[in-house]
Every structure is written in C-alpha cells, then in structure tokens.
C-alpha cells in the first residue's frame, strides 16, 4: 500500500521541529514502513508512505498523521502537481547538465508525462480548493447524516408532505441540480466504480478475516 502525502513538521518548543520520518524511526516503525520525501514546500514535505497492510501502518495513519498534520493526496496526479510547483531546474554538480522535472522524478522512480504538466498542476490546485471548502463546510459526520436525511425526505417522507412542502422540496432539488448537473453525477458514479479494485481488496480481506480460525492468520491480514 502506498499513499502520497503533504506533511507539516511538528513544532517542539519555540525554535525546534520534528519531522515525520524522525518520529517513524523513534517508534521503530521504519523496518516495516518506508517514508520518502520527494519535494519540499518550505519546511513542509511532499512524498509518500509505503508498507504492507500491517498494523504498524494503520497506527501511523490513525495517530501520527493527525499529530504531524499530514494530508493525503487523492491521487498520484495531485502529488505530481505539488512536486512540479516546488521544483526548480538545476545543474548536475558533476556533469553540469540541466536536470529537468522529468529527470528529477525519474531519479525518484516516477515516470511523468511531460505533456501533462499543466494537468498535474490543475489536479494539485483542485486538491487545494477541496481542502479550502472542506474547512468551511460541516464535518464529514454531519455531511453524511444530512445526505441520509435528504434521501429519507425525498424517497420516504415525500408523499406525506403538504403541497407547499413538496413545492419547496422540489425547488431545493432544482437548486442542487444547478450544482450537481447530470454530467457531474455521471462522473461521480464513474469515480466510485473506478474504486472497485480497492473495495474488492477490502471485502476479500474482510471475508478472510472472519473465516480465519488461527491467531497467526488473523494477525497477517
């Protein structure tokens, strides 16, 4: 499993700071977890965390990510965009050849398409826009609860509403339709279907977990 990250260092006192990689080593997690920084934005680190589906990795995601203010990119294109924005072409100190972004990423085991740099930057900026709006809207728990309530109102309670209430509900849905167009809803469906491989893996692991009858097998899942 690999996730792409944007990590802010943890402040320790007025003048010192501790990086995520340091904390991983302190907890003796680095034998099972790879944390690599590919680019920097000031003191912030852009990179990835990689490991098998181990309990240590889950601990890292659940606790340290909050402790160190780590953001997870939605996809690798956002990661590429963040790296591109913070990259400056420079000369190889030995050969004096110009190191391009494509060269730099190749040296870090990534293959980027130099015809898609603008798309990468757009993806990263989209990530920032979503981060902005998430900070302004309700938390995920409230948002999910509201979605369920709206579905109940439209598909369960609708027939019980007065004519006035039905008109109001229909008008509200028309407003939502201006935000979430038919094409946008189709893209959302496509995006969810595209996640099927991850979900298939989850459900396979879940089935293996509940069918396991030995402690050693359970701990490997």
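Read-outs throughout are calculated quantities, based only on the coordinates presented, and are distinct from any laboratory measurement. Worth saying up front: this structure is predicted, and the values here are computed from it rather than measured. Backbone-built Cβ (ideal geometry, glycine too); neighbour counts: all protein chains shown.
Residues considered: 41, 126, 90. Largest GNM mean-square fluctuation over the chain, using C-alpha springs under 10 Å, is found at 90. Shown here: segment 94-221, whose C-alpha atoms stretch 78, 50, 26 Å along the first, second and third principal axes, sorted largest to smallest. Stretching the chain fully between residue 220 and residue 25 yields a gain of 68.0 nm (0.36 nm per residue, less the alpha carbon separation).
Axis angle, to the nearest 10 degrees, between helix 182-194 and the longest C-alpha principal axis of the chain: 50 degrees. Contact order for segment 31-81, expressed relative to its length and based on alpha carbon pairs under 8 Å spaced 6+ residues apart, stands at 28 percent.
Pair-distance distribution P(r) for segment 1-125, from all Cα-Cα distances in 10 Å bins starting at 0: 12, 40, 31, 16, 1 percent. Choose one answer from 201, 106, 123: the residue with the largest mean-square fluctuation in a GNM of the chain with alpha-carbon springs under 10 Å. Looking only at 201, 106, 123, the biggest GNM fluctuation is shown by 201.
Computed over segment 77-118, the Cα gyration tensor eigenvalues convert (square root of 5λ each) into semi-axes of 19, 10, 9 Å, ordered from largest to smallest. The mean sequence distance of close C-alpha pairs (under 8 Å, at least 6 residues apart), as a share of the length of segment 56-163, puts its relative contact order at 26 percent. Which part of segment 55-94 falls in the paramagnetic zone of residue 103, meaning amide N under 19 Å from the point 7 Å along Cα-to-beta-carbon? Counting backbone N atoms under 19 Å from the label point, the list is 83-94. Per residue, the Cα convex hull of the chain amounts to 206 Å³. When the chain is treated as a Gaussian network with alpha carbon springs shorter than 10 Å, the biggest mean-square fluctuation among 190, 208, 30 belongs to 190.
Quick one: angle between helix 196-211 and the longest Cα principal axis of the chain, in degrees between 0 and 90, rounded to 10, please. For helix 196-211, the angle is close to 90 degrees. D by Stokes-Einstein for segment 15-56, Kirkwood Rh over Cα pairs, 25 °C, 0.890 mPa s: 217 µm²/s. Helix 140-155: angle to the longest alpha-carbon principal axis of the chain, degrees 0 to 90, nearest 10? Approximately 30 degrees, to the nearest 10. When only Cα pairs below 8 angstrom with a gap of at least 6 residues are kept, the chain shows a relative contact order of 16 percent. Between residue 136 and residue 1, full extension at 0.36 nm per residue minus the direct alpha carbon distance yields a gain of 45.5 nm. As a calculated quantity, the FRET efficiency between residue 179 and residue 158 at R0 = 25 Å, using C-beta atoms, amounts to about 0.75.
Can you tell me the FRET efficiency between residue 55 and residue 113 if r is taken as the Cβ-Cβ distance and R0 is 41 Å, rounded to the nearest 0.05? Could you put the intermediate results ahead of the total?
Numbers: r = 36 Å, r/R0 = 0.89.
Plugging the Cβ-Cβ distance into 1/(1 + (r/R0)^6) gives 0.65.
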